[in-house]
Amino acid sequence: MWRPVVSIAGGEPLIHKEMTQIVNGYIERKKFVYLCTNALLLKKHIDEYTPSPYLTFSIHLDGNKERHDASVCLEGVFEKCISVIKLAIEKGFRVTINCTLFQNEPAEEVAEFMDMAMELGVEAVTISPGYHYERAPKQDVFLKKTESKQLFRDLFKLGIGKKWRFNQSSLYLDFLAGNQTYECTPWGNPTRNVFGWQKPCYLLVGEGYAPTFAGLMEETEWANYGTGKNPKCDNCMVHCGLKLPLSMTQLSHPFKALGVFLKGPKTDGEMAPELPTLYKE
Ligand code: SF4
């Protein structure tokens, strides 16, 4: 049976007073919940939750101590994350790490981070290149697409034989390494927040909200979003817009998906053609 994953993202979900009821409500309906948290309040609230195969704490950790503390602009956060990850694993929760890569991050450093995450015993790491969005306070930290693809190729090369566990499909990893071309289909991963259903995806703000899911589907000008259709989308390689094409490829070309799963993404040679963009890198 089809059981969607519900990702509860932030801000920081653990500041919501009714978060346990929200999570339990999803679990009762047998939805898989990813609670995405910076982990700062998790130690305080952890006993309000019960370990379940349906519940995963997805802890935000953008790299090693120096990298993560600089990324969140607060000293000591990395150590707190590590200690709460250990605590949650000890208590029997499913735990993943959610890691975003930014500019000037050498592949060797990310590889060490992956080794550390595996030693910690997390289930997997969700990894993606930082999305370049116009309201971000720092504009010079984002990777351009070609830089992202080369970084992932270098990383995957360093990971050969290491059995790193990623929390994404092998086809998405292959896309990150520049071996696949996909068009974004943001309707495949809709976002709901306190303002309503966000158009067109959780990354873009200022595009408006629909009061109902049907309204989101019918009112959004979907053709205006994606690489080459909107300057805000041109640098985006984030998985949320690709869930649908990746799933469709997995279903229609299972041997292609299996091949990448068994061999890993290709790490050299020509990259797949890029969709035409509205900007120049
Ligand atoms: S490319 Fe897709 S997922 Fe990325 S910002 Fe644009 S609409 Fe959102």
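The table below lists the values:
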{"item": "Ordering of 228-238, 4-14 by burial proxy (mean other Cβ atoms within 10 Å per residue, highest first)", "result": "228-238, 4-14"}
{"item": "Dipole in debye (nearest 20) - segment 1-157, about Cα centre, beta carbon charges: Lys, Arg +1; Asp, Glu -1", "result": "700"}
{"item": "For peptides 43-51, 169-177, sequence by mean Cβ density within 10 Å, most packed first", "result": "169-177, 43-51"}
{"item": "Cβ charges +1 (Lys, Arg) and -1 (Asp, Glu), total dipole of segment 34-98, debye", "result": "160"}
{"item": "Quotient of C-alpha Rg and 2.2 N^0.38 Å, computed over segment 170-266", "result": "1.19"}
{"item": "Residues whose placed amide H lies under 5 Å from that of Thr191, excluding near-sequence neighbours", "result": "Gln198"}
{"item": "At most 15 other Cβ within 10 Å, DSSP loop - trypsin sites (Lys or Arg not before Pro), segment 79-122", "result": "Lys91"}
{"item": "Packing rank of 212-221, 26-35, where each peptide gets the mean count of other beta carbons within 10 Å, highest leading", "result": "26-35, 212-221"}
{"item": "Proximal aspartates and glutamates to Lys232, defined as alpha-carbon separation beneath 14 angstrom and excluding residues fewer than eight positions away on the same chain", "result": "Glu134, Glu207, Glu281"}
{"item": "Leading residue at positive end of dipole, segment 5-167 (Cβ point charges), from Cys81, Leu55, Ile15", "result": "Leu55"}
{"item": "Lys/Arg +1, Asp/Glu -1 at C-beta; segment 170-266 dipole; positive extreme among Gly188, Val260, Gly226", "result": "Val260"}
{"item": "Share, in percent, of DSSP beta bridges within the chain that are antiparallel, nearest 5", "result": "20"}
{"item": "Per residue accessible area in Å² of segment 170-266, where ligands, DNA and RNA are left out and the probe is 1.4 Å", "result": "51"}
{"item": "Leading residue at positive end of dipole, the chain (Cβ point charges), from Met271, Met217, Gly206", "result": "Met217"}
{"item": "Dipole magnitude of the chain about its Cα centre (Cβ charges: Lys, Arg +1; Asp, Glu -1), debye to nearest 20", "result": "740"}
{"item": "Accessible surface, segment 5-167, averaged per residue in Å² (probe 1.4 Å)", "result": "50"}
{"item": "Whole-percent carbon and sulfur share, accessible surface of the chain, 1.4 Å", "result": "56"}
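The values are calculated or read from the model by the stated rules, or taken from the named source; none is laboratory data. On a predicted model such as this, the values are computed, not experimentally measured, just so you know. Backbone-built Cβ (ideal geometry, glycine too); neighbour counts: all protein chains shown. SASA here: full protein model, heavy atoms, side chains in, ligands and nucleic acids out. Shrake-Rupley method; radii C 1.70, N 1.55, O 1.52, S 1.80 Å.
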